[in-house]
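What follows is calculated from the coordinates using simple rules that are stated; it is not laboratory data. The structure displayed is predicted, hence computed values, not measured ones. With ideal geometry, Cβ positions are generated from the backbone for all residues, glycine too; neighbour counts draw on all protein chains shown.
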């Protein structure tokens, strides 16, 4: 192959890569920011307001000895990364308080995430793997059915026995931790379970978009605690880590977050300025460009 | 006549569930529980029907040779793998270790990766949006830029101020609009449920 032919191939490859170059650059930027995240001062991702953190930690601390806690895992794959750190920290905190944990899901996506989290806990081998109550079909009707019976007939184990001794339904638990994000969120729990079991404490970890929906339930006391933004989640995870001295390894670094946000702002500003300068302020309209 | 029967069923089941919530009575609880079991069965049947329709659609796509045949083959192969793993003799359904492995090691990471790409796709969509619908995109991008600035992970006094402002935006304007929508939707649902239960829509017959 001659040098002119190879240089032509090289320029063709470069031309093919050019449209993807901004995305690749962004990925490289995020990777570098993730690697450097440890040693940056002046950045703070955790929320400075710790009231929500104290609420959730207080609810866990107020549980009786060896409580039965149900983790209702109905997160959404798209928003779960936002609440992953807080969820793992809450499971760690519950385990540290000697809670007997069981996991159930009422949505297929929640079941997928719950299965992955159970696998992670089993692989880590540092704490007891939560009992698996599986997937309950029927969405809200399944939730209502679980008030009376949530244990699959084939399930066995000490936690399962303890649930059966308590009646076999959701009422057997001392608390429910609802990992929200999908259609079946803490709102469904308040509506369907809270009305039937009004004394059951319910706490929830939810992505930011659910906060306006769940806030009234927190203020009315129907939810005992609510951690519902990334910053609150990070603050909660940091508080649990500080108390236990053990890292859950899932707290998001503030530098990659800042890099991503600045990149997003840069793209928005560039796109707006390009459009504005091309059309001019007087012709700025919603119609498609001719 | 058909609508009258339907309205009657809705009225009886709706009232049964409502009365069961208000009164403690074992017979009522059993009856409401039976209705709920039927609902669960209906939901399961709808899910199976949806899955079967999806399979039929993609088999048709492959047969006709149009559309994304490769995507259809991958989808059917994925469905087949999960079904075989969960329904083979001796399997324990959705709790079977092979199903759990497929979900935890393949499905969850693949889905998470796809959602992670949303960040890049969204920025690309905003850029295209400025070309197609400049005014609407400007509004959306402006609001997004404000929210991003408020959520910047900055420490110190500036960080506290940004966090407090973000909290105010979430708790006051955003929550106000959202609650208004929720209350409005709730009233509409209650009115339409009451109309169905009281058979007030019979004029449509």
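Sort A:74, A:93, A:54 so that the residue with the fewest other Cβ atoms within 10 Å of its own Cβ comes first and the one with the most comes last. Let's see the in-between values first.
Working: A:74 27, A:93 23, A:54 15.
The most exposed by this proxy come first: A:54, A:93, A:74.
State, in angstrom, two size descriptors of chain A derived from its alpha carbons: Rg to one decimal place and Dmax to the nearest whole number.
Using the Cα atoms of chain A, the pair Rg, Dmax is 24.0, 81 Å.
Within 10 Å of each residue's Cβ, count the other Cβ atoms and sort A:80, A:217 from fewest upward.
Details: A:80 25, A:217 20.
Listed from fewest to most nearby Cβ atoms, that is A:217, A:80.
Of all DSSP beta bridges located in the protein assembly as shown, what percent are antiparallel, nearest 5?
Antiparallel bridges make up about 5 percent of those DSSP assigns within the protein assembly as shown.
Distances over 18 Å make up what percent of all Cα-Cα pairs in the range A:1-58? Display every interim value, and only then the final one.
Numbers: 1101 of 1653 pairs.
Of all Cα-Cα distances in the range A:1-58, 67 percent exceed 18 Å.
Just need the relative contact order of chain A here, percent rounded to a whole number, with Cα pairs under 8 Å and 6+ apart. Don't jump to the answer; show the numbers that get you there.
On the way: 413 pairs, mean separation 73.6, N = 290.
That works out to 25 percent.
Give me the angle, in degrees from 0 to 90, between the Cα long axis of helix A:51-61 and the longest principal axis of the Cα atoms of chain A, rounded to the nearest 10.
With rounding to tens, the tilt is 40 degrees.
Using alpha carbon centroids, what distance separates the range A:152-187 and the range A:18-92, in Å?
A separation of 24 Å, based on Cα centres.
For a quick check: sort B:70, B:29 by the number of other beta carbons within 10 angstrom, fewest at the front. Don't skip to the end; give the middle numbers.
Details: B:70 9, B:29 13.
Least crowded to most crowded, the residues run B:70, B:29.
Can you give the average number of partner chain beta-carbon atoms within 10 Å of each beta-carbon in peptide B:94-105, as a whole number? If you can, show how the numbers build up before the last one.
Working: counts 10, 10, 0, 1, 0, 2, 9, 2, 2, 8, 11, 3.
So the per-residue partner count for this stretch is 5.
Based on Cα positions only, what radius of gyration and what Dmax would you give for the range A:1-144, in angstroms?
Considering the range A:1-144 through its Cα atoms, Rg and Dmax are 23.3, 79 Å.
Scattering from the C-alpha atoms of chain B alone, worked out with Debye: what is log10 I(q)/I(0) at q = 0.11, 0.15 1/Å?
With one equal scatterer per Cα and no solvent, log10 I(q)/I(0) is -1.14, -1.14.
Calculate how steeply helix A:230-244 sits against the longest principal axis of the alpha-carbon atoms of chain A, using the helix alpha-carbon long axis, and give the answer as 0 to 90 degrees to the nearest 10.
Taking Cα atoms only, the helix is inclined about 60 degrees.
Would you compute, from DSSP H runs of 4+ residues alone, the mean residue ellipticity of chain B at 222 nm, taking -39500 (n - 2.57) per run and dividing by the full residue count, rounded to the nearest 500?
Details: 9 runs with 162 residues, N = 205.
Here the helix-only value at 222 nm equals -27000 deg cm²/dmol.
How many Å³ per residue does the convex hull of the Cα positions in the range A:124-265 occupy? Write down the numbers at each step before the final one.
Details: hull volume 22.2 nm³, N = 142.
Cα convex hull per residue, to the nearest whole number: 156 Å³.
Sorted from largest down, what three extents in whole angstroms do the Cα atoms of the protein assembly as shown have along their principal axes?
84, 61, 55
Using the alpha-carbon atoms, what tilt in degrees (0 to 90, nearest 10) does helix A:3-17 show relative to the longest principal axis of chain A?
That helix lies at roughly 50 degrees to the long axis.
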